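Bear in mind that the values in this text are calculations on the coordinates, not laboratory data. Model, not experiment: these values are computed from the prediction. Backbone-built Cβ (ideal geometry, glycine too); neighbour counts: all protein chains shown.
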Amino acid sequence: MFGNDFILDAKTIHKLSSVGVASNSLKQKLGTDLDFYLELWRSQGLEIVKNGDYFYFSTKFTSIEDSVFCIVDIETNGSKIEKHQIIEIAALKIKNMQIIDRFESLVYCKEINEHITQITGITAEDTKNAPNLKKVMYDFKAFLGDAVFVAHDVKFDYKFISQSMQKIGLEPLLNRSLCTLSLAERTVESYRYALSYLNKFFSLHPDARHHRAMCDVLTTYELFKLSLSNIDNSVKSTEDLIAFSKEAKRVKRPKFDPFILESKEETLPKE
């Protein structure tokens, strides 16, 4: 048997998302285990399909309008998976820019330090009747399915959730992912690209309470819609969009923060 990391290395992932991997090449690697791995990867959120004599990610052939995107945000009681955990998770499933489903849960946590409570407003007492991590991860995995995993600065949320799943005995995530921070850098002009700043600058979700999972998800949803409205017409498939978010030229940022300039103008004496 080969491990996922060996088979789905960076070179293979690039080919599966673009020119495809020859059937013979994948069969040589996997032999009679090919069907097993295709099913295993599907169970981990990654759909690989055969087209002619090549294998591709299914998202290569799925239009942005027809794809299901799952916008996700988590709050944790620290940044280190070895000793910290998810305390809140929220997600929206989106198709053709419409919300088709939602997921939201606190997660039981015995201890939440004061600093995290100050940031999120979540206390250990708030989570005392919440389901434990195992229950929430199983439920979220079922909710996510094979949707494209979307988050602002996606690496943190994706990795933390994937490692949390491994903690409770599940396989790691393999879903295709999309970062709205990287996408925003290529589609909207802003002095900064932190979600709270973009929310303020574009009035994405005026009533949002930053660092609560569903509020941040709803803000990211509005940002996602804004970014897609500025996408080039040549970006048609989901893989086109993922590639665009990583490879397209970034929008030139303003030299000065408009909020600081506005503040200075307000303090100038009236003539």
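When the square roots of the Cα gyration tensor eigenvalues are ordered a ≥ b ≥ c, the ratio a/c for region 4-60 is under 1.5, which makes its shape rounded. Given an 8 Å cut-off on Cα distances and at least 6 residues of separation, report the relative contact order of region 7-60 as a percent. Value for region 7-60: 42 percent. Computed from the mean reciprocal separation of all distinct C-alpha pairs, what Kirkwood hydrodynamic radius does region 164-236 have, in Å? The answer is 13.9 Å.
Judged by the gyration tensor of its Cα atoms, with axes a ≥ b ≥ c, the chain is oblate; a/c meets the 1.5 cut and b/c is at least as large as a/b. Ordering 24-37, 232-245 by mean Cβ neighbour count within 10 Å, with the highest value first, yields 232-245, 24-37. Note that region 105-111 has calculated 3J(HN,Hα) couplings of 7, 6, 10, 3, 9, 5, 9 Hz, one per residue in order, obtained from phi through the Karplus relation 6.51 cos²θ - 1.76 cosθ + 1.60 (θ = phi - 60°); glycine and proline are x. Which log10 I(q)/I(0) values, to two decimals, does region 71-133 give at q = 0.14, 0.15, 0.29 Å⁻¹ under the Debye formula with one point per Cα? Those come out to -0.44, -0.49, -1.23, one per q. Highest mean packing comes first when the peptides 248-259, 70-81 are listed by Cβ atoms within 10 Å, giving 70-81, 248-259. Contact order for region 68-237, expressed relative to its length and based on alpha carbon pairs under 8 Å spaced 6+ residues apart, stands at 23 percent. For the chain, the 222 nm mean residue ellipticity estimated from helices alone, with every DSSP H stretch of n ≥ 4 adding -39500 (n - 2.57) and the total spread over all residues, rounds to -12000 deg cm²/dmol.
Stretching residue 132 away from residue 196 to a fully extended chain increases their span by 20.1 nm, per 0.36 nm per residue minus the current alpha-carbon distance. Remind me, relative contact order of region 155-271 in percent, using alpha carbon pairs under 8 angstrom and six or more residues apart? Reported as a whole number, the value is 31 percent.
Highest mean packing first, where packing is the average number of other Cβ atoms within 10 Å per residue, the peptides 216-222, 114-120, 52-58 line up as 216-222, 52-58, 114-120. Given a Förster distance of 25 angstrom, what is the FRET efficiency for residue 170 paired with residue 18, based on the Cβ-Cβ distance and rounded to 0.05? Between residue 170 and residue 18 the formula returns 0.30. Counting only alpha carbon atoms, the long axis of helix 154-167 and the longest principal axis of the chain meet at about 60°. Cα gyration tensor of region 83-189, axes a ≥ b ≥ c as square roots of the eigenvalues: rounded (a/c below 1.5), prolate (a/b > b/c) or oblate? In terms of gyration-tensor shape, prolate. Summing +1 for each Lys or Arg and -1 for each Asp or Glu among the other residues whose beta-carbon sits under 13 angstrom from that of residue 25 gives +3.
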